[in-house]
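Every number here is computed from the coordinates shown, using simple stated rules; none is lab data. Here the structure is a predicted model, which means the values were calculated and not measured. A quick note on method: Cβ atoms are made from the backbone with ideal geometry, for glycine too, and the neighbour counts reach across all protein chains shown.
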Amino acid sequence: MAILTYWPEMGQAKPTNIDGNISYGGPSHYFIETPHTLRGRGVRFIETLRADRLTEQGQYKAGWNYYRVTENAALGLELRMNLARESLLD
């Protein structure tokens with residue numbers, strides 16, 4: 001499994017074979033959105049995503065779980081899941 005990075009500004013589409021989305025949250029943690037339930041050391045549940053709080057493009061994530069995970073937990077999840085990370089050009 002892996003973290004699959006894509007660049008929409010370069011015309012790349014989001015990978016379709018993913019178990020969730022990952023985004024950088026600072027020097028020691030990441031945020032993960034996934035339909036799966038995550039547990040373990042370094043994993044903190046934040047909320048379940050609601051349709052009324054998502055954009056039209058993000059409606060597919062309604063019901064997904066939102067987590068804050070430590071860097072070590074993210075490395076462990078990367079071994080078990082395919083996670084997509086959107087990268088934008090500066």
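Which value in deg cm²/dmol, rounded to the nearest 500, describes the helix-derived mean residue ellipticity at 222 nm for the chain, given -39,500 (n - 2.57) per DSSP H run of n ≥ 4 and division by the residue count? Present the calculation step by step, with values, prior to reporting the outcome.
Numbers: 1 runs with 10 residues, N = 90.
Taken over the chain, the calculation gives -3500 deg cm²/dmol.
Could the peptides 70-82, 47-59 be put in order, highest first, of the mean number of other beta-carbon atoms found within 10 Å of their residues?
Details: 70-82: 15.6, 47-59: 10.1.
Descending packing order for the listed peptides: 70-82, 47-59.
Using the basic label-point model (7 angstrom from Cα toward the beta carbon), what is the ARG39 to GLU71 distance in nanometres?
2.8 nm
Please report, in cubic angstrom per residue, the volume enclosed by the convex hull of the alpha-carbon atoms of the chain. Before the final figure, lay out each step's value.
Working: hull volume 9.5 nm³, N = 90.
Spelled out: Cα convex hull of the chain, divided by residues, is 106 Å³.
If each residue of separation counts as 0.36 nm, what is the full-extension length gain between ARG53 and ILE3 once their alpha-carbon separation is subtracted? Mind dumping the intermediate values first?
Values: separation 50, 0.36 × 50 = 18.00 nm, distance 2.58 nm.
Full extension of this stretch gives 15.4 nm more.
Calculate how many DSSP beta bridges within the chain are antiparallel, expressed in % of all such bridges and rounded to the nearest 5. Show your work: numbers first, answer last.
Values: 15 of 21 bridges.
Bridges in the chain that DSSP calls antiparallel: roughly 70 percent.
May I ask you to order 60-69, 32-41, 10-19 by the average number of other C-beta atoms within 10 Å around their residues, highest value first?
Values: 60-69: 17.1, 32-41: 14.1, 10-19: 10.9.
Output ranking for 60-69, 32-41, 10-19: 60-69, 32-41, 10-19.
Hey, with R₀ at 22 Å, roughly what FRET efficiency would ARG80 and LYS14 work out to, going by the Cβ-Cβ distance, to 0.05?
About 0.65, to the nearest 0.05.
Which semi-axis lengths, in whole Å and largest first, follow from the square roots of five times the eigenvalues of the Cα gyration tensor of the stretch 46-90?
Values: eigenvalues 99, 49, 20 Å².
Here the semi-axes work out to 22, 16, 10 Å.
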